[in-house]
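**Student:** Provided herewith is a single structure, encoded as structure tokens, for subsequent inquiry.
The values are calculated or read from the model by the stated rules, or taken from the named source; none is laboratory data. Note that the structure is predicted; figures quoted are calculated from it, not measured. Positions of Cβ are generated from backbone atoms using ideal geometry, with glycine treated the same way; all protein chains shown enter the neighbour counts.
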Amino acid sequence: MHMDATTNQLDRIGALESLLNERYSVRAFLAREVPREIMEHVLTVAQRTASWCNSQPWQVLIASGAAKERFRKAIYAEAASGARDDHDFTPPREYVGVYLERRRESGFQLYNTLGIPRGDKAAYARQALENYNFFGAPHVAIIHTNEPLGIYGAIDCGAYVSNFMLAAQALGLGTIPQAALARHSGLIRRHFNLPDDRRVVCGISFGYADHAHQVNSYRTSRASVAEAVTFVDE
């Protein structure tokens, strides 16, 4: 009995480890749309996300088809115009130390995979704009929360995003969470007629990954547990 319980636990944690190890930020998608029943399965699983006082502050807007294309054109045009940032939540002031090192490593992995020479800022900018094409994904989700909940609402939404991505991975989908879309929160509110008290946290472009595309061939690293965790026993 004890052995069966232990085996079951190992199977369960093994499934989670596999999903976490498999998941990556997809930057090239197939045009194939996700069936609604699969999409709803992902959403049903993600809805079990824990939240402060069970407030469940996330609201999810999913644009597909012609609606996604109208939104893509609108947000791409604003981003390409050089419009000022319009975040609802203050972005990082700067990346320093190990955080800067990790950011650079991730960026150079992307640029090297695409054959972009180091220091080619024009090419960097063109690649950054691909966020606003949703990397060719057939669907984009906008995650927004209630303004009075402040940062705690955003934290809950972050947990929701993680569970959304893991559920999508389990069902054969690819995802990429995009803080870049939140740089245009005002446009998003206007475009989708969201109430003034909604605050945009991020977007998630999703669909079926184009595994043959070179950009999907690299994987980012992770720090060790020793680098991230301090045990205090006495």
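**Student:** Restricting attention to the range 179-221, report how many residues are among the basic types (Lys, Arg), loosely packed, with under 15 Cβ neighbours inside 10 Å and within 17 Å of the chain's Cα centre (by Cα).
**Tutor:** 1
**Student:** Still on this structure, please answer the following. Assess whether Leu171 counts as being farther than 17 Å from Val140 by Cβ, at pLDDT 95 or above and surrounded by fewer than 16 Cβ atoms within 10 Å (Cβ to Cβ).
**Tutor:** Yes.
**Student:** Here's another thing I want to ask about it. Tell me which residues, restricted to the range 108-126, are in a helix (DSSP H, G or I) and farther than 30 Å from Leu43 by Cβ.
**Tutor:** Phe108, Gln109, Tyr111, Asn112, Thr113, Leu114, Lys121, Ala122, Ala123, Tyr124, Ala125, Arg126
**Student:** Same structure, new question: Here's a check for you: in the range 44-55, which residue that is part of a helix (DSSP H, G or I), surrounded by fewer than 15 Cβ atoms within 10 Å (Cβ to Cβ) and not aromatic (Phe, Trp, Tyr) is nearest to the chain's Cα centre (by Cα)?
**Tutor:** It comes out as Thr44.
**Student:** Quick one: how many residues across the range 92-104 are outside any helix (DSSP H, G or I) and either surrounded by 15 or more Cβ atoms within 10 Å (Cβ to Cβ) or in contact with a helix residue (DSSP H, G or I) (Cβ under 7 Å, 6 or more places away or on another chain) (or both)?
**Tutor:** 1
**Student:** Collect the residues in the range 108-125 that are of a type outside the set (A, V, I, L, M) and exposed (fewer than 12 other Cβ atoms within 10 Å of the Cβ), keeping them in residue-number order.
**Tutor:** Gly115, Pro117, Arg118, Gly119, Lys121
**Student:** Identify, from the list Glu22, Glu37, the residue that is without any contact (Cβ under 8 Å) to a residue 60 or more places away in the chain, out of contact with any Asp or Glu (no Cβ under 8 Å at 6 or more places or on another chain) and among the acidic types (Asp, Glu).
**Tutor:** Glu37
Per-residue answers, yes or no, for (1) surrounded by 10 or more Cβ atoms within 10 Å (Cβ to Cβ); (2) in a helix (DSSP H, G or I):
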| site | (1), (2) |
| --- | --- |
| Pro57 | yes, no |
| Ala66 | no, yes |
| Tyr76 | yes, yes |
| Thr90 | no, no |
| Ser106 | yes, yes |
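**Student:** Here is a follow-up. Within the range 21-43, which residues are under 21 Å from Ala137 (Cα atoms), assigned to a helix (DSSP H, G or I) and not β-branched (Val, Ile, Thr)?
**Tutor:** Glu22, Arg36, Glu37, Met39, Glu40, His41, Leu43
**Student:** Got a number for residues in the range 39-59 being touching a helix residue (DSSP H, G or I) at 6+ places or on another chain (Cβ under 7 Å) and closer than 23 Å to Ser185 by Cβ?
**Tutor:** 7
**Student:** Regarding the range 181-192, can at least one residue be identified that is of a type outside the set (Val, Ile, Thr) and at positive phi?
**Tutor:** Looking through the range 181-192, none of the residues is of a type outside the set (Val, Ile, Thr) and at positive phi.
**Student:** For the range 84-97, which residues satisfy the criterion of being in contact (Cβ under 8 Å) with a residue 12 or more places away in the chain and over 26 Å from Leu187 (Cβ atoms)?
**Tutor:** none
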